[in-house]
1. Which FRET efficiency value, to the nearest 0.05, do you get for Tyr104 and Phe70 by plugging their Cβ-Cβ distance into 1/(1 + (r/R0)^6) with R0 = 25 Å?
2. May I ask you to compute the full-extension gain from Ile24 to Ile57, defined as 0.36 nm times their residue separation minus their alpha-carbon distance, rounded to one decimal in nm?
3. Applying 1/(1 + (r/R0)^6) with R0 = 45 Å to the Cβ-Cβ distance of Leu46 and Ile17, what FRET efficiency is obtained, to the nearest 0.05?
4. Starting from the exponent 0.38 and prefactor 2.2 Å, build the expected Rg for segment 11-70 from its residue count and divide its actual Cα Rg by it.
5. Less than 18 Å from a label point 7 Å out along the Cα-to-Cβ axis of Tyr38: which backbone N atoms in segment 114-131 qualify, by residue?
6. For segment 84-138 and segment 14-29, what is the separation of their C-alpha centers, rounded to whole Å?
7. Ranked highest first by average number of other Cβ atoms within 10 Å, how do 108-118, 127-137, 15-25 line up?
Amino acid sequence: MEKNFTNTQFKWTFESISDNIPTIMLITILLTYGINAYLTAIFLPLDFWLAIIAASILQLGRFAVVFMDFLNPTKGRSTYPPKIALGATIVALIEIFFGLQEHYESGEFITMFLFVGTIIVFGYLLEINFVDKGVEAYGINEPKIIKRRRRKIIVKNANEEAPKNIRRNITSYQLSLF
């Protein structure tokens, strides 16, 4: 589809951005996973390095599940990745909610929770939209074309004097008790 740009520099910029959007989105999703893992590790009551490893493994598992349709490209699309991503997002929000309560109070707590919660929810929305567009681009969920045979109509030349046999299809049955 050709756009009618009057400024060639804007055309180049627009095409460059359009070509790089999938890469930018994937990198942003991976960064939100990293930030989510880091923030979870900070507020877990475990040794930091153990917590960062555990949180990173959880985020890698989330990545594998959410992008399952691309890892195992069958012609059907699984309904589980969006549900699992939503569940992981809710769990992350709950973890951050309780973790922030120990370090911040009142206004600071609300500000930090809204800020960190926005990062987590933004990552969820970004990954779900990315997967939907990827499914559309790969044609994973294309509707199947069903080929059906058409009835052949046979025209017979019949004499007008001969009685016509009318065949009717029975569409229902009536039961009579009397």
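1. Details: r = 39 Å, r/R0 = 1.54.
Calculated value: 0.05.
2. 9.6 nm
3. 0.60
4. Cα Rg divided by the expected 2.2 N^0.38 Å: 1.50.
5. 114-124
6. With segment 84-138 and segment 14-29 each reduced to a Cα centre, they are spaced 22 Å.
7. 127-137, 108-118, 15-25
Each value in this text was obtained by applying a stated rule to the coordinates, not by laboratory testing. Computed from a predicted model, the values in this text were never measured in an experiment. Note: ideal-geometry Cβ built from the backbone for every residue, glycine included; neighbour counts use all protein chains shown.
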